[in-house]
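Notes to accompany the following structure.
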Amino acid sequence: MSLCRVCDGELKTVISFGQMPVANAFLTPSEFASEYFFDLKVGFCPICCMVQLQKCVAPEKLFHNKYAYLSSLSLRMNQHFRAFAEDMKARYLTSHNPFVVEIGCNDGVMLQHLASDRIRHLGVEPSRNVAALAKDKGLNAVCRFFDETLAKDILKKYGSADLIVGANVICHIPDLHAVARAVDMLLKPSGLFVFEDPYLGEIVKKTAYDQIYDEHVYYLSIASVDSMFRRYGMAVVDVEPQSVHGGSMRYTIARRQTVELSPKVDEKKRLEESIGLHKYETFVRFRMRIEKSREQLQELIRDAKLRGKRIVGYGATSKSATVTNYCSLGPDSIDFVCDTTPAKQGKYSPGMHIPIKPNEDFVKDYPDFALLFAWNHKEEILGKEQEFLKRGGQFITYVPSVSILSR
Ligand code: SAH
Ligand code: TMP
Ligand code: ZN
């Protein structure tokens, strides 16, 4: 039996993927034998509606001095974070000498746009290698996990914050109570906490089961986030859907009664009810669609291989670890996965051990099919791979359904 980390309710299992490797742990052959696996299982809490991993991997095993994900590598994410920073500046950072804390600042993809305006800032980033990249950009960053101890230290050194931001990080933190307490401690009375994460409503709608992996401890909805922060005298006061990462939600949290509630919050909460995000049956159907999706992808790939076709994976995303392992896709069906991240190149994918190669290897000898693991960057990728398509190459996708994208 597993209990909800938020309310101690008994979790109802949505899907069990079996033993899975750490999604961002790209390896060398000498590391194959000692590779770490864990039981990847998602549960739904019938009491507070929080969807979450039933067991999670210790954060120190995931975020360390060799963290593979670099936010700045995608053009799209760069644009997104520039706009995010501009929006925060215009709306919330107009007071005299404001102070912003970013949780999980990675290589400084967002913070750089605040620092360039000389806004007082601090990035919190536990993965040493990426924190170093942020510091190399001249940003003020601390290499620690965000928790109450750190909040106390920040408070002592810099004073309270006008704004705390985080992108694709709050859902990574197992102890959400500690996050809420630390935010409460650090934020000015009228301060705001703005964060965004992949949105449960989109994950369910698109059957994007590849969002489920070790780092994503929570699959958040407005209802579950609101109920979590209400325990600490705060509430979701505004929401804004985002198209990045296959569909995210940006939540603005404030202390109750300090900010007027946007009508969008209740409107979107009603939408969540209408799609059944508060009901276990919705997730039973989600599991059935996932199982169907696996059958269809396996069949499409088996068929292509029988016809002697070459298949290459496009984008060694963390998400692809769930797909390749759950669908048993190894180097016998996927020759290699191309990726622009230097730290991933020359290594092997977690669990299935497919070689990772630079994009040049894809361009040098186009395959028949490219399995689009980075489906959330589809427009950017299709835009730059016109030559592949022109020469008859085809992309295979599995979100929202298994299909072939042709020209
Ligand atoms: N904000 C960036 C990075 C997301 S990846 C973006 O949206 O692209 C998640 C980042 O959060 C990683 O860099 C990881 O090291 C960091 N992280 C994980 N747990 C954290 C914690 N408890 N406190 C602060 N950062 C954390
Ligand atoms: P993400 O889905 O978590 O943003 O990760 C995207 C991964 O895909 C990352 O490893 C970089 C890689 N990638 C490419 O290899 N080529 C591309 O054109 C893009 C946009 C991403
Ligand atoms: Zn709960």
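The angle separating the long axis of helix 280-306 from the principal Cα axis of greatest extent in the chain is about 30 degrees.
Each part gets one Cα centre, and for segment 50-74 versus segment 80-144 those centres are 20 Å apart. The alpha carbon gyration tensor of segment 146-216 gives principal lengths a ≥ b ≥ c with a/c of 1.5 or higher and a/b greater than b/c, which makes the shape prolate.
Helix content alone sets the calculated 222 nm mean residue ellipticity of the chain: runs of n ≥ 4 DSSP H residues at -39500 (n - 2.57) each, divided across all residues, give -10000 deg cm²/dmol. Kirkwood-type hydrodynamic radius, the chain: 22.0 Å, calculated from all non-identical alpha-carbon pairs. By how many degrees, between 0 and 90 and to the nearest 10, does the Cα long axis of helix 263-274 differ from the longest principal axis of the chain? So the inclination is approximately 40 degrees. When you filter the trypsin sites (Lys or Arg not before Pro) in segment 313-402 for DSSP loop state and at most 16 other Cβ atoms inside 10 Å of their Cβ, you are left with 391.
Taken over segment 22-131, lysine pairs spaced eight or more positions apart, or on distinct chains, with alpha carbons under 28 Å apart number 4. The simple spin-label model puts a point 7 Å past each Cα toward its Cβ; for residue 387 and residue 299 those points are separated by 3.6 nm. With a/c under 1.5 counting as rounded, go ahead and sort segment 1-99 into rounded, prolate or oblate using the C-alpha gyration tensor (a ≥ b ≥ c being the square roots of the eigenvalues; past the cut-off, prolate if a/b is larger than b/c, else oblate). Here segment 1-99 falls in the oblate category. Hey, rough spin-label estimate for residue 79 and residue 13, points 7 angstrom out along Cα→Cβ, what's it come to in nanometres? A separation of 4.3 nm, rounded to one decimal place. Coupling constants for segment 187-199 follow from the phi torsions by the Karplus curve (6.51 cos²θ - 1.76 cosθ + 1.60, θ = phi - 60°), and in residue order they are 7, 4, x, 9, x, 10, 10, 10, 9, 9, 8, x, 9 Hz; glycine and proline get x. Expressed to the nearest 5 percent, the antiparallel share of DSSP beta bridges inside the chain is 55 percent.
Here segment 1-87 is treated with +1 on each Lys and Arg Cβ and -1 on each Asp and Glu Cβ, and its dipole about the Cα centre works out to around 100 debye. Taking a ≥ b ≥ c as the square roots of the Cα gyration tensor eigenvalues, with a/c under 1.5 meaning rounded and otherwise prolate when a/b beats b/c, else oblate, which class fits segment 141-276? The shape class here is oblate.
By the beta carbon rule, with partners counted only under 4.7 Å, the chain holds these lone Cys residues: 49, 56, 105, 143, 171, 327, 338. Each Lys and Arg contributes +1 and each Asp and Glu -1, all at the Cβ; summed about the Cα centre of segment 252-324, the dipole is approximately 340 debye.
Round to the nearest 10 and give me the degree value, 0 to 90, for the angle of helix 148-158's Cα axis relative to the longest principal axis of the chain. Long axis of 148-158 versus the principal axis of the chain: about 60 degrees.
FYI, it's all coordinate maths here, none of it is from the lab. Not measured: the values here are computed from a predicted model. Every residue, glycine among them, receives a Cβ derived from its backbone with ideal geometry; neighbour counts consider all protein chains shown.
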